[in-house]
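The values are calculated or read from the model by the stated rules, or taken from the named source; none is laboratory data. These numbers were taken from a predicted model, which means no experiment stands behind them. Positions of Cβ are generated from backbone atoms using ideal geometry, with glycine treated the same way; all protein chains shown enter the neighbour counts. When the accessible area is computed, the model is the full protein with side chains, heavy atoms only, and any ligands, DNA or RNA have been set aside. Shrake-Rupley method; radii C 1.70, N 1.55, O 1.52, S 1.80 Å.
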Amino acid sequence: MDFPKTLAAQWRGKRFNSFNSALREVFDARVYKIGLRLDFTCPNRDGKVAVGGCIYCNNASHTPQEYRPRQSVTAQLEQGAFALQKRHKAEKFIAYFQSYTNTYDATAKLEKLYREALDFPGVVGISIATRPDCLPEATLDLLYDLSQQTYLWLELGLESMYDRTLAWVNRGHGLAEHVDTVARAKERDLRVCTHLILGFPGETCADILSTPALLNRLAIDGIKLHNLHVIKHTPLAKLYEQDPFPLFTRAEYVSLVADFLELLNPNIIVHRLTGETYRAITVAPQWSIDKIGVHNDIHKILIDRNTWQGRLYATPGNTASAGTKFLYPEGAGL
């Protein structure tokens with residue numbers, strides 16, 4: 001079977017359902033995200049559930065250096081819009097609350113920050129990155145209200161479907177919290193994007209390739225895939241320096257992502273295929289610096305295999321709704 005012409009047209013020549021294509025479909029314009037970094041923290045940093053944060057996390061790898069904490073939302077959007085207009089001729093923007101846990105505060109404060117972003121000229125949407133254990137009902141109700149006024153994405157960091165892995169990286173939550181929060185978000189018709197990191201020690205390719213079935217079953221709207229990379233000044237970097245653990249080679253990662261996409265519901269929008277970091281703070285692997293090159297390799301392997309997102313996707317009749325109890329409510333075992 002060849003790549004369906006209908007999908008080729010819908011996905012603008014790509015072999016997966018890319019976020020860029022989705023934005024073009026909605027806005028018919030050049031739309032770019034502006035990453036925002038504010039004075040949020042996380043419950044696994046401040047002691048509520050743990051201390052130290054995720055062992056892989058150095059938020060300097062997320063947001064350009066000039067976007068400092070304590071700059072206002074408006075100031076950061078001004079800088080980001082200027083840079084994107086100059087470099088990419090951007091026409092519209094999505095305000096991306098990116099670093100740390102961007103729902104971990106009082107609802108009134110969150111609403112003020114979100115609305116400040118939406119008031120900025122050219123902002124047509126908002127994307128909010130957070131954890132599944134930091135979304136009380138009042139915050140979800142706020143996001144629902146905003147979603148009625150703008151293009152909104154709720155980005156939930158799951159990282160792994162395996163509780164043993166989540167404990168090892170000091171996440172402070174398990175799979176059950178993610179399943180519950182997705183169901184509550186979907187009750188409000190919110191678009192949900194799940195973040196995953198591929199390549200944790202102790203997880204085989206077969207373990208990782210069990211994850212698309214979970215995402216399909218939960219009726220996730222989008223995914224972000226990241227390769228595990230080791231960043232300086234993190235607990236993970238110390239572990240790696242003391243006893244280096246295997247990381248995916250570039251070829252291994254590219255092949256795994258192609259396998260992953262084949263199993264994924266073609267309606268799920270792919271926001272990212274690989275992680276990205278800066279040379280100055282990267283310990284390993286060095287290939288993760290070349291985001292565009294890795295992206296191109298993934299596109300090429302899909303063509304070479306004559307495959308595409310969803311080619312091996314199970315029929316919808318076998319896919320449960322988001323509210324259905326997941327087979328492993330306490331996290332799948334390794």
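The table for this structure:
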read-out: Selection count where residues are part of a helix (DSSP H, G or I) and at positive phi, scope segment 145-179; value: 0
read-out: Residues of segment 190-232 that turn out to be of a type in the set (S, T, Y) and in a strand (DSSP E or B), as a count; value: 1
read-out: Count of segment 118-127 residues which are out of contact with any Lys or Arg (no Cβ under 6 Å at 6 or more places or on another chain) and either open to solvent by less than 10 Å² (accessible area, probe 1.4 Å) or in a strand (DSSP E or B) (or both); value: 4
read-out: Qualifying residue in segment 128-151 (condition: touching a Lys or Arg at 6+ places or on another chain (Cβ under 8 Å), of a type in the set (V, I, T) and under 23 Å from T107 (Cβ atoms)); value: no
read-out: Qualifying positions in segment 281-305 - open to solvent by 50 Å² or more (accessible area, probe 1.4 Å) and of a type in the set (S, T, N, Q); value: Q286, N296
read-out: Check on D145, without any contact (Cβ under 8 Å) to a residue 24 or more places away in the chain, of a type outside the set (S, T, N, Q) and farther than 30 Å from G199 by Cβ; value: yes
read-out: Matching residues in segment 24-40 - criterion: being in contact (Cβ under 8 Å) with a residue 60 or more places away in the chain and surrounded by 14 or more Cβ atoms within 10 Å (Cβ to Cβ); value: F27, R30, V31, Y32, K33, I34, G35, L36, R37, L38, F40
read-out: Candidate set: segment 229-280, residues that are under 20 Å from I208 (Cα atoms) and of a type in the set (F, W, Y); chosen: the one surrounded by the most Cβ atoms within 10 Å (Cβ to Cβ); value: Y253
read-out: Number of positions in segment 16-35 that are in contact with a helix residue (DSSP H, G or I) (Cβ under 6 Å, 6 or more places away or on another chain) and either small (G, A, S) or closer than 20 Å to K86 by Cα (or both); value: 3
read-out: Identity of the residue in segment 138-159, farther than 24 Å from G172 by Cα and of a type in the set (A, V, I, L, M), that ends up surrounded by the fewest Cβ atoms within 10 Å (Cβ to Cβ); value: L142
read-out: Some residue of segment 127-137 being farther than 28 Å from N20 by Cβ and of a type in the set (A, V, I, L, M); value: no
read-out: In segment 1-60, the residues that are basic (K, R), in a loop (DSSP other than H, G, I, E, B) and closer than 30 Å to W308 by Cβ; value: R12, K14, R15, R30
read-out: Single unsatisfied condition, L312 versus (1) of a type outside the set (D, E, K, R); (2) at pLDDT 95 or above; (3) open to solvent by less than 50 Å² (accessible area, probe 1.4 Å); value: (3)
read-out: Within segment 1-23, considering residues that are of a type in the set (F, W, Y) and out of contact with any strand residue (DSSP E or B) (no Cβ under 6 Å at 6 or more places or on another chain), the one most open to solvent (accessible area, probe 1.4 Å); value: F3
read-out: Qualifying residue in segment 159-176 (condition: in contact with a His (Cβ under 9 Å, 6 or more places away or on another chain) and not acidic (D, E)); value: yes
read-out: Matching residues, segment 261-290, being under 19 Å from the mean Cα position of the chain (by Cα), closer than 20 Å to P246 by Cα and not in a loop (DSSP other than H, G, I, E, B); value: S288, I289
read-out: Of all residues making up segment 63-98, the number that are at pLDDT below 90, open to solvent by 70 Å² or more (accessible area, probe 1.4 Å) and within 22 Å of K109 (Cβ to Cβ); value: 2
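For every residue, the table says whether it meets (1) without any contact (Cβ under 8 Å) to a residue 60 or more places away in the chain; (2) out of contact with any Ser or Thr (no Cβ under 9 Å at 6 or more places or on another chain).
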site: S210; (1), (2): no, yes
site: L218; (1), (2): no, no
site: I231; (1), (2): no, no
site: A237; (1), (2): yes, yes
site: E241; (1), (2): yes, yes
site: S255; (1), (2): yes, yes
site: N267; (1), (2): no, yes
site: T274; (1), (2): yes, no
site: R279; (1), (2): yes, yes
